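The values are calculated or read from the model by the stated rules, or taken from the named source; none is laboratory data. Just so it is clear, the structure is predicted and the values come from calculations on it, not from any experiment. Every residue, glycine among them, receives a Cβ derived from its backbone with ideal geometry; neighbour counts consider all protein chains shown.
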Amino acid sequence: MNLLGLHHITAMASDPRANFDFYTRILGLRFIKKSVNQDDPGTYHLYYGDYAGSPGTALTFFPWPGLRRGRPGTGQAYATAFSIPAASLSFWQERLAKLSITTEPVATRFGDQVLTAFDPDGLRLELIATHEPDPRSPAPSKNVPEAHGIRGFHSSTLGLIDAQATATVMTKLMGYRLVGKEGLRARYTVAGGGPGSYVDLLTDPALPRGLNGAGTIHHVAFRTPTDASQSQAHSEITRTGLHISPIIDRAYFKSIYYREPAGVLFEIATDQPGFAIDEPLATLGTKLGLPPLLEPHRAEIEAALPPLVINP
Ligand code: ZN
């Protein structure tokens, strides 16, 4: 299977305004797309990432106002980690403290310092001050200097009761390889490796069972370069007997979905065409983006969505 690393990660949220403020103003990500949940068009789908929303940078949300809080734990992508420069840890510690963001004491993981913080819905985020080179450019931000900006994803940590079946799917089917073990954590990578490629399997008996809701991850999407490589991946997954969705056109990429054996929802998404297909790169996030199937219903959809005035 031809996978290149993480593509995007999608989470559930409650209030869209609080979500927008946290990811743009506090974390300094760019708001790259205002769209709708294609399976529930009365709900937004909000995307944050680097300037272009490049694969490997986009954290996306389904915000349902009033949604009850979930609980990160097993059977879920437990934590989502961003890559920051090794020298930027103290900047983020001071910034998050000044803004009264809940954090945990800094930990060390595979030699890197990790600052854990929580978004307004309690989503577990990690800033990993990595010693590895990460040439990706952060989103331009009025709030976070370029030297300290988030480079994109570092890794996704899956919470598992038993990692064996998941590890088998990742290595035998998806082409991932084990690169390190530390305590109850095993790290896997794919293709060229490095920040943005990692998936950690965490089998910590202290983890509660995950409950879906605001502040938890809905699915983790992996990059595949082309429609052809996605079609190939679809055939390979079908042959294993795992249940797999048809190929779905999400406008900004094409997607297939399957659940790995521990219950975490995986997606494989194409790198193309990206977020500039329905508005210019310079003004991403300003117009409500709708897939062609929903475009005829634009007026009703816009009227039904809660107001969300974007003035970054
Ligand atoms: Zn997705």
Residue list for segment 251-270, restricted to those being surrounded by fewer than 19 Cβ atoms within 10 Å (Cβ to Cβ) and either among the β-branched types (Val, Ile, Thr) or more than 10 Å from the ligand (Cβ to nearest atom) (or both): ARG259, PRO261, GLY263
Qualifying residue in segment 110-125 (condition: within 16 Å of the ligand (Cβ to nearest atom), modelled with pLDDT of 95 or more and either closer than 22 Å to PRO195 by Cα or within 20 Å of the chain's Cα centre (by Cα) (or both)): yes
Selection count, segment 206-223, where residues are surrounded by 16 or more Cβ atoms within 10 Å (Cβ to Cβ) and either away from the ligand (no atom under 16 Å from the Cβ) or outside any loop (DSSP other than H, G, I, E, B) (or both): 12
Residues within segment 256-312 that are within 18 Å of ASP227 (Cα to Cα), assigned to a helix (DSSP H, G or I) and either touching a Pro at 6+ places or on another chain (Cβ under 8 Å) or of a type in the set (Val, Ile, Thr) (or both), tallied: 1
Per-region count, segment 118-150, residues over 19 Å from LEU6 (Cβ atoms), surrounded by 18 or more Cβ atoms within 10 Å (Cβ to Cβ) and out of contact with any Gly (no Cβ under 7 Å at 6 or more places or on another chain): 2
Pick from segment 34-52, criterion away from the ligand (no atom under 15 Å from the Cβ) and small (Gly, Ala, Ser), ranking: modelled with the highest pLDDT: ALA52
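Could you tell me whether segment 152-160 includes any residue that is surrounded by fewer than 20 Cβ atoms within 10 Å (Cβ to Cβ) and touching a residue at least 12 places away in the same chain (Cβ under 8 Å)?
In the first step, residues of segment 152-160 are kept if they are surrounded by fewer than 20 Cβ atoms within 10 Å (Cβ to Cβ); the result is none.
No, segment 152-160 contains no residue that is surrounded by fewer than 20 Cβ atoms within 10 Å (Cβ to Cβ) and touching a residue at least 12 places away in the same chain (Cβ under 8 Å).
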Members of segment 1-33 found to be within 16 Å of the ligand (Cβ to nearest atom) and either farther than 21 Å from ALA77 by Cα or part of a strand (DSSP E or B) (or both), listed by number: GLY5, LEU6, HIS7, HIS8, ILE9, THR10, ALA11, MET12, ALA13, ILE32, LYS33
Restricting segment 224-250 to residues that are within 12 Å of the ligand (Cβ to nearest atom) and in a loop (DSSP other than H, G, I, E, B), the residue that is farthest from VAL169 (Cα to Cα): ARG250
Test: residue in segment 81-90 that is more than 16 Å from the ligand (Cβ to nearest atom), surrounded by fewer than 22 Cβ atoms within 10 Å (Cβ to Cβ) and without any contact (Cβ under 8 Å) to a residue 24 or more places away in the chain: yes
